[in-house]
1. Would you pick out the residues in segment 89-107 that are over 19 Å from Val139 (Cβ atoms), polar (S, T, N, Q) and open to solvent by less than 60 Å² (accessible area, probe 1.4 Å)?
2. Determine, yes or no, whether Gln127 is out of contact with any Phe, Trp or Tyr (no Cβ under 9 Å at 6 or more places or on another chain) and open to solvent by 40 Å² or more (accessible area, probe 1.4 Å).
3. Just the residues that are over 18 Å from Val100 (Cβ atoms), over 25 Å from the mean Cα position of the chain (by Cα) and either open to solvent by less than 40 Å² (accessible area, probe 1.4 Å) or in contact (Cβ under 8 Å) with a residue 40 or more places away in the chain (or both), please, taken from segment 67-83.
4. Check Leu45, Leu30 and return the single one that is at pLDDT 85 or above, open to solvent by 90 Å² or more (accessible area, probe 1.4 Å) and in a helix (DSSP H, G or I).
5. Condition first: part of a loop (DSSP other than H, G, I, E, B), within 21 Å of Ala77 (Cα to Cα) and out of contact with any Asp or Glu (no Cβ under 7 Å at 6 or more places or on another chain). Now tell me which residues in segment 100-150 satisfy that.
Amino acid sequence: MAWLRRTLKRLHAHNAGFTLPEVVVVVGILALGTALVGGGVFQSLSVQRFWRDKVEATREVRHAQSWFAGDALNAQATNLVDGAQPVSAVSLTWTGGGGVPHSASYSLSGTDLVRNFDGAETVLSQQVASVGFFRSGRVLNFTLEVQADRGGTKSLSLQTYLRALQ
């Protein structure tokens, strides 16, 4: 045991520590490595957030068009004039099973596209940049453009036949 103590004292006696230039070089290398790794992580997270914004905007557009297509296929009457310019609101009416009348209207409320079905309102899409409804004969056209969080937009158009138009 005494031999071990003497050996450790001898080793520590000759150890003077690190010089300032050695410490500066090591800290510089660590900082460079951290910057490279951190930059790569930041870049991958940024790209991932960009694609998530686009996917969310696409989901908003398709969700709204799905509801609209279902209502348009049932519609027997609409307030749209054949061949008129696109408008930002539309009303559709039909008679369901058992002779029950139904109505659905779509309109903008601020930047939200709202569906009012028999008095119950539902927000179908948020951050709407533009919406247009127009009719050409028995074809009902719906265009919707939604803003993505990072400045991009997603737009789709839908054409559907009014099956039971009176």
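1. Restricting attention to segment 89-107, the residues satisfying the condition of being over 19 Å from Val139 (Cβ atoms) are 95-103, 105, 107.
Going one step further and asking which of them are polar (S, T, N, Q), we end up with 95, 103, 105, 107.
If the condition is that a residue be over 19 Å from Val139 (Cβ atoms), polar (S, T, N, Q) and open to solvent by less than 60 Å² (accessible area, probe 1.4 Å), then Ser103, Ser105, Ser107 are the ones that fit.
2. Values: out of contact with any Phe, Trp or Tyr (no Cβ under 9 Å at 6 or more places or on another chain): yes; open to solvent by 40 Å² or more (accessible area, probe 1.4 Å): yes.
Answer is yes for this residue.
3. Going residue by residue through segment 67-83, those that are over 18 Å from Val100 (Cβ atoms) are 67-69, 72, 78-83.
When the remaining residues are screened for being over 25 Å from the mean Cα position of the chain (by Cα), the result is 72, 78-83.
The answer is Ala72, Thr78, Leu80, Val81, Asp82, Gly83.
4. On the way: Leu45 fails: at pLDDT 85 or above.
Exactly one residue qualifies, and that residue is Leu30.
5. So the first thing to find is which residues in segment 100-150 are part of a loop (DSSP other than H, G, I, E, B), and the list is 100, 110-111, 118-119, 126-127, 137-138, 148-150.
Okay, now just the ones that are also within 21 Å of Ala77 (Cα to Cα), so 100, 118-119, 137-138.
Passing the criteria: Val100, Asp118, Gly119, Arg138.
Results for (1) at pLDDT 85 or above; (2) open to solvent by less than 50 Å² (accessible area, probe 1.4 Å); (3) farther than 17 Å from Arg62 by Cα; (4) of a type in the set (Ser, Thr, Tyr), shown as yes or no for each residue.
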position	(1), (2), (3), (4)
Ser109	yes, no, yes, yes
Ala120	yes, no, yes, no
Gly132	yes, yes, no, no
Ser136	yes, no, yes, yes
Gln147	no, no, no, no
Ser155	no, no, no, yes
Leu162	no, yes, yes, no
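The values are calculated or read from the model by the stated rules, or taken from the named source; none is laboratory data. All of these numbers come straight from a predicted model, not from anything done at the bench. All Cβ positions, even for glycine, are placed from backbone atoms using ideal geometry, and neighbour counts span all protein chains on display. We work out accessible area using only protein heavy atoms, side chains counted, and drop any ligands, DNA or RNA first. Shrake-Rupley method; radii C 1.70, N 1.55, O 1.52, S 1.80 Å.
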